[in-house]
1. Tally time: how many residues in segment A:310-329 are in a helix (DSSP H, G or I), facing chain B (nearest Cβ under 8 Å) and surrounded by fewer than 19 Cβ atoms within 10 Å (Cβ to Cβ)?
2. Take segment B:1-37 and flag every residue that is outside any helix (DSSP H, G or I) and of a type in the set (K, R).
3. If you scan segment B:49-69, which residues turn out to be part of a helix (DSSP H, G or I) and within 23 Å of B:T125 (Cα to Cα)?
4. Name the pairs: first residue in segment B:13-29 and surrounded by fewer than 20 Cβ atoms within 10 Å (Cβ to Cβ), second residue in a loop (DSSP other than H, G, I, E, B), Cβ to Cβ under 8 Å, at least 6 apart or on different chains?
5. Would you point out the residue of segment A:286-309, among those that are farther than 24 Å from B:Q39 by Cα and polar (S, T, N, Q), that is farthest from the other protein chains (Cβ to nearest Cβ)?
6. Pairs needed: first member in segment B:32-58, under 15 Å from B:R137 (Cα atoms); second member anywhere, of a type in the set (F, W, Y); C-beta distance under 7 Å; at least 6 residues apart or different chains.
7. Spot the failing condition for B:R272; the list is (1) within 9 Å of chain A (Cβ to nearest Cβ); (2) free of Cβ contacts under 8 Å to residues at least 12 places away in the same chain; (3) over 30 Å from B:S55 (Cβ atoms), and only one is missed.
8. Counting only residues that are farther than 14 Å from A:L89 by Cα and of a type outside the set (S, T, N, Q), how many does segment A:160-171 have?
There are 2 protein chains.
Amino acid sequence: FRKKNLSTEELIQGILNGDIATLARAITLVESTNTEHFQKSNDIINQCLPHSGRSIRIGITGVPGVGKSTFIETFGSFLTALGKKVAVLAVDPSSTISKGSILGDKTRMQELVKDKNAYIRPSPTGHSMGGVARKTRETIILCEAAGFDTILVETVGVGQSETAVHGMVDFFLLLKLAGAGDELQGIKRGIMEMADAIVINKADGNNIERANLAKVEFTKALHLFPAKENGWTPKILSCSAIQKTGISEIWEVIKAYTDDKPGQEGIIAKRRTQNKFWLLQTIEDQLKQQFYENKNIKNQLDQMIKLVVDGKISPFNAAEKLLSLAKGT
Amino acid sequence: FRKKNLSTEELIQGILNGDIATLARAITLVESTNTEHFQKSNDIINQCLPHSGRSIRIGITGVPGVGKSTFIETFGSFLTALGKKVAVLAVDPSSTISKGSILGDKTRMQELVKDKNAYIRPSPTGHSMGGVARKTRETIILCEAAGFDTILVETVGVGQSETAVHGMVDFFLLLKLAGAGDELQGIKRGIMEMADAIVINKADGNNIERANLAKVEFTKALHLFPAKENGWTPKILSCSAIQKTGISEIWEVIKAYTDDKPGQEGIIAKRRTQNKFWLLQTIEDQLKQQFYENKNIKNQLDQMIKLVVDGKISPFNAAEKLLSLAKGT
């Protein structure tokens with residue numbers, strides 16, 4: 001028996017009671033593109049807000065093949081064994097198209113999916129990148145209100161989604177493999193500088209030596225990167241998610257970051273800045289969306305882009321023309 | 001005797017004849033915030049467009065104290081001695097406030113300022129960062145139409161202006177000093193990854209050894225950075241702008257970048273992408289400006305930001321409220 005519609009109050013109460021089934025239904029409501037659900041989900045989020053925030057939010061990124069799923073399985077199980085309640089979310093804009101979300105295949109996390117102190121939620125689909133990011137951020141609020149104290153947000157190695165995830169977490173962890181191929185090809189520009197820790201995965205078997213070498217190299221190169229605004233020096237670690245080695249060391253680093261007095265204050269300040277960022281970001285996303293969905297703009301934009309690309313009209317002149325076209329409706 | 005008003009046609013003809021006084025007056029018109037000048041400057045730019053583009057556009061950045069002015073003086077004189085016509089422009093958003101443009105003090109480039117094959121123009125003032133960038137980009141068009149074949153765009157070590165300059169040049173050069181202090185403090189995140197060449201300046205006297213050491217370090221660290229989309233591997237060089245050493249080597253690297261067949265095609269493709277970027281960027285800047293200058297928004301924004309920062313209302317909910325407020329006028 002599944003009750004067809006829960007009221008806003010029932011949903012909120014269920015979340016605050018830590019009921020996973022209700023949490024899941026509320027997240028589905030938040031993710032819905034149905035305009036009727038909009039007010040309801042807004043009410044839920046605003047009422048959950050005072051109960052949110054008491055967690056550590058950790059972003060995890062790395063190119064496909066680096067072993068993200070295995071890492072999250074191992075790391076998540078390690079955390080629940082410590083008594084933590086772990087929510088695993090994903091930001092995967094490609095899932096909109098391919099429907100092949102990185103977390104869709106829960107079979108890749110067989111342990112964690114059975115763990116009653118873990119909740120795994122695939123990336124929302126049917127939204128633009130901005131929409132996916134917004135929905136995930138709102139989902140964090142709901143998970144925290146439901147009592148999850150550790151939020152892992154997984155993302156794929158695509159520049160845009162990394163920036164979004166970096167803007168919603170306290171600590172950003174970059175998984176890498178030893179060996180030049182990965183450094184040269186996989187990681188998009190700027191990602192390495194976002195990382196609070198770089199973890200070299202698959203440091204096992206024949207790979208141990210290479211992983212140690214990579215650790216030394218990265219550590220040496222660290223001073224070439226600009227310092228973080230909060231004074232944190234990114235840490236370089238290695239682990240084997242499969243052999244479950246090096247995992248507690250990673251947790252120690254994150255704890256040092258968050259338990260630290262300046263760290264804690266840093267997190268509060270960071271979250272305030274993030275809140276403001278999301279307000280302005282949403283406004284700007286919506287302004288753009290309204291513009292580009294304008295009928296006149298849709299008719300003229302491609303042609304104007306072509307003129308500009310070919311150097312037939314100045315970009316600024318073309319922009320003026322399009323802007324007055326948008327106002328004309 | 002100075003003619004008070006030149007017609008659009010006279011200005012264009014003067015530019016195409018390479019008359020510097022006319023070029024300067026046209027740039028002043030482009031920089032003007034007077035709405036009456038707007039149509040005139042648009043006409044001039046669009047008519048200069050077909051005569052523009054035949055140049056190499058070089059962005060130069062580095063923290064204060066790295067010796068940018070001396071470098072541009074030496075590098076610019078080196079280029080005019082080769083028969084080049086060199087325009088030196090600046091993007092300095094701070095000049096709006098302090099009026100202390102990095103190029104305002106032309107006495108710092110005593111040689112170049114007397115050189116008839118060089119034209120030095122300080123950063124436009126009285127504009128937002130977006131405005132400064134736009135005006136500089138339009139000034140490049142006019143300088144090229146006036147026959148300048150080498151455009152140097154100087155910028156200060158501020159993240160936003162670097163990104164803007166990177167978006168308007170073919171080749172981006174980062175000046176650095178040897179020694180850890182600079183690496184740790186000066187350069188904003190992401191800037192190093194934008195560079196097509198990193199030049200360690202002040203490699204003279206007691207500094208030579210340190211500069212060479214820094215060169216080795218940077219070269220080693222290069223493979224830790226993601227590869228450029230066009231396949232170019234950033235080069236690490238050293239020079240002494242004061243002693244005029246290492247300058248021709250820098251020019252050789254830029255020539256290798258531009259004379260190279262894939263390089264040339266890369267520049268054409270890059271400029272097309274840049275044109276499209278500026279069209280969309282201008283549209284988005286204007287949309288934001290219209291929003292934030294709305295009276296209702298001006299009244300409510302600060303209060304809404306405070307609620308969001310304090311976690312009293314969700315950023316997305318606040319954005320909705322502000323967006324409908326903006327529409328209400």
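1. So the answer is 2.
2. B:R2, B:K3, B:K4
3. Scanning segment B:49-69 gives B:K68, B:S69.
4. Within 8 Å, the pairs are B:G14/B:L6; B:L16/B:A146; B:G18/B:A146; B:G18/B:G147; B:D19/B:A146; B:I20/B:A146; B:A24/B:R121; B:R25/B:L6.
5. A:N299
6. From residues that are under 15 Å from B:R137 (Cα atoms), the pairs are B:S55/B:F148; B:I56/B:F171; B:I58/B:F171.
7. For B:R272, the exception is condition (3).
8. Result for segment A:160-171: 3.
The values are calculated or read from the model by the stated rules, or taken from the named source; none is laboratory data. Note that the structure is a prediction, hence the values are computed from the model and not measured. Positions of Cβ are backbone-derived with ideal geometry, glycine not excepted, and every protein chain shown enters the neighbour counts.
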